[in-house]
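To keep things clear, I will list the structure first and then write my remarks on it.
Please treat every number below as a calculation from the coordinates, not as lab data. Everything numeric in this text was worked out from a predicted model, so none of it was measured. When we count neighbours, we look across all protein chains shown, and the Cβ atoms used for this are built from the backbone with ideal geometry, even at glycine.
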Amino acid sequence: MTISVNSKKKQVKKTFEELLMDLQAGNSEKVRYNAARMLGEMGDSRAVEHLIEVLRYDKNGSVRLYAARALGELGDCYATSFLIESLKFDRNVDVRVRAARALGRLGGEIVVEPLVESLNDENPQVCITATDALIEIGEVATDALLTSLDHEKVNVRCDATRALGEIGSKKAVDKIITMLKDEWVNVRIYAVTSLGKLNDIKAVPALIEVMKNRNENELVRAGAAAALGVLRDQRALLPLRELIMEAEELGELEDTALKSFKKIMAANWQSIPGAAPQRRPANVM
């Protein structure tokens, strides 16, 4: 199999063996990282061990980055432990980001704990990528993320709360309801959003309480109002109506409440007295 390499002068076709030679003995970082990139695109699993060698020992961060990317594309679980090693210990931020992304693609229970630990990485982009990787892995990451909701660092609690909402496991509902009391506003914003995504009406009373709390941050209250609109539970109608009617003018909070009120009415009109459209009486001859 050959793959085309674009250059300024012409398009050059290289075989697997030629790319392997470039990866191992290329005299410039550009040659080596292009070889790593193309070996990933080629999809030949014979490259896995060679890419692992480069990931572990090449002195150039860009080369290690493309090796991590290629290993994720090749999807061979043999690379998992080595990518975990890079995620934990590589000094280059971009390599850790690519390792996290590759582990998300490889999946499996073994990658969950290292990715959860990386929510505490010193670099925000690594934290975000690790969160996205955990979301991609899905349900198997739920328990470890639930534990992270008690982490001392606010960014870890934020990322874990967001991930649990995206994963959608109902196991997370009770714990995320408790996050509505977190001391940090960003955590509470993620909590109301995630409760809407989890789509469990168990959260309705807590969301109503947050929305009605005048001492709460307006973004959190608006998020709670929006989540109530997603859940479409009739119990929210009166609190939403009261919030709207009490306002002298409609701000973002009241506007969100009005939209949610309309959604709930539309979803429940058949069971709400007086909400059903009235039929005209038939003409009497």
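Tell me the angle of helix 252-268 to the major Cα principal axis of the chain, expressed in degrees between 0 and 90 and rounded to the nearest ten.
It works out to around 80 degrees.
Where nothing but the Cβ of Lys and Arg (+1) and of Asp and Glu (-1) is charged, how large is the charge dipole of region 169-268 around its Cα centre, in debye to the nearest 20?
620
So which of 153/202; 175/262; 14/59; 88/202 end up more than 31 Å apart, counting from Cα to Cα?
Pairs exceeding 31 Å: 88/202.
Going by C-beta contacts inside 10 Å, put 245, 38, 211 in order with the fewest on the left.
Ascending number of Cβ neighbours within 10 Å: 245, 38, 211.
So which lysines can residue 259 reach, going by Cα to Cα under 18 Å and dropping same-chain residues fewer than 8 places off?
Straight-line reach from residue 259, under 18 Å: 197, 212.
Could you tally the net charge around residue 252, taking each other residue with its Cβ under 12 Å from the Cβ of residue 252, Lys/Arg +1 and Asp/Glu -1?
-2
Of (1) 1.01; (2) 1.27; (3) 1.19, which one was derived for Rg/Rh (Cα atoms, Kirkwood Rh) from the structure shown?
(3)
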